Amino acid sequence: MDQLDILNDQLQQDQPDDPAFCPVEWDYNEFGTSDKPVHTVKVTVTKKEFNKQKAPEDFEINFPAGAEVYDRRDTKCYRVQADGSLRELDVNTGAEIPMSDGAAWYRNRWLFGGAAIVVVAGFLVIYLQRKKRTK
């Protein structure tokens with residue numbers, strides 16, 4: 001079980017868009033099997049800033065090399081390379097997909113292989129039917 005106690009207070013507004021009330025202090029307590037807290041965190045706000053402009057680089061995320069990243073925009077997994085680039089991972093094996101022009105071939109290798117077998121089988125059927133007619 002846990003408990004969070006928050007104290008909101010009216011603060012001086014430095015900017016017109018600043019909220020009049022905001023949290024100024026909170027206590028977080030985790031309890032075990034007894035009534036005594038086993039873990040406590042007490043936070044006190046010492047400075048407030050609302051809607052301050054941030055540099056675009058503040059929003060850049062630099063993952064360490066070797067980290068696996070899931071991108072929800074394209075629902076794909078990637079592994080971060082030493083130079084910071086991303087290599088797509090195969091969903092089934094977790095192996096890195098080659099970055100060459102053959103990446104489309106690699107992703108669809110079973111589809112291309114199956115299509116090749118169907119085409120070869122079709123030509124074989126046509127060949128055998130024509131061979132029967134000539135007899």
Counting only protein heavy atoms and using a 1.4 Å probe, what share of the accessible area of region 1-76 belongs to carbon plus sulfur, as a whole percent?
49
Global size of the chain as Cα Rg and Dmax, reported in angstrom:
30.8, 101
Karplus ³J(HN,Hα) for region 45-58 (6.51 cos²θ - 1.76 cosθ + 1.60, θ = phi - 60°; Hz, whole; x = Gly/Pro) runs 6, 10, 8, 10, 9, 10, 6, 7, 5, 10, 6, x, 5, 5
Taking 7 Å along the Cα-to-C-beta vector as the label spot, tell me the residue 71-residue 46 distance in nanometres, rounded to one decimal.
4.0
Work out how much length residue 112 to residue 20 would gain on full extension: take 0.36 nm times their residue separation and subtract the Cα-Cα distance, in nm to one decimal.
26.8 nm
Go ahead and run the numbers for FRET between residue 119 and residue 81, Cβ-Cβ distance against an R0 of 30 Å, rounding to 0.05.
0.20
Top of 42, 76, 52 by mean-square fluctuation, Gaussian network on the chain, Cα under 10 Å:
42
Among 64, 37, 56, which one moves the most in a GNM of the chain with springs linking Cα atoms closer than 10 Å?
37
Quote the FRET efficiency, to the nearest 0.05, computed for residue 7 versus residue 57 with a Förster distance R0 of 30 Å and r equal to the Cβ-Cβ distance.
0.30
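The values are calculated or read from the model by the stated rules, or taken from the named source; none is laboratory data. Here the structure is a predicted model, which is why all the values come from computation and not from measurement. All Cβ positions, glycine included, derive from the backbone under ideal geometry; neighbour counts span all protein chains shown. Calculation scope for accessible area: heavy atoms of the full protein, side chains included, ligands and nucleic acids excluded. Shrake-Rupley method; radii C 1.70, N 1.55, O 1.52, S 1.80 Å.
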